[in-house]
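The values are calculated or read from the model by the stated rules, or taken from the named source; none is laboratory data. What you are looking at is a predicted structure, and each value in this text was computed from that prediction instead of being measured. Here the Cβ is made from the backbone with ideal geometry for all residues, glycine too, and neighbour counts use every protein chain on show. Surface accessibility is based on the protein's heavy atoms, side chains included, excluding ligands, DNA and RNA. Shrake-Rupley method; radii C 1.70, N 1.55, O 1.52, S 1.80 Å.
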Amino acid sequence: MIMPEIRKVAKSLGIKTGKLNKTHLVRAIQAEEGNIQCFATGDESCKQLDCCWRDDCFKLAKKS
């Protein structure tokens, strides 16, 4: 998902996007939704197969 789309989701949840990078913004969204803040941790045992962040999560985790 690209940043403008992520910012739109965040704003719809009442999250101020400010200067948050992608990782911090997605984690803020996860927290607001009541989910584990696991974005870009690279947890290969993740069972959340239908997570909308999954593809980006693993790509960013591999870059770190």
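Here is how the numbers come out for the structure above:
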read-out	value
Members of the range 19-41 that are free of Cβ contacts under 8 Å to residues at least 12 places away in the same chain and hydrophobic (A, V, I, L, M, F, W, C)	20, 31, 36
Within the range 11-34, tally of residues that are within 22 Å of residue 63 (Cβ to Cβ) and surrounded by 14 or more Cβ atoms within 10 Å (Cβ to Cβ)	11
Long-range neighbours under 6 Å by Cβ, at least six apart or interchain, first residue under 16 Å from residue 29 (Cβ atoms) within the range 42-55, second aliphatic (A, V, I, L, M)	53/26
Identity of the residue in the range 35-64, among the small types (Gly, Ala, Ser) and open to solvent by 60 Å² or more (accessible area, probe 1.4 Å), that ends up modelled with the lowest pLDDT	64
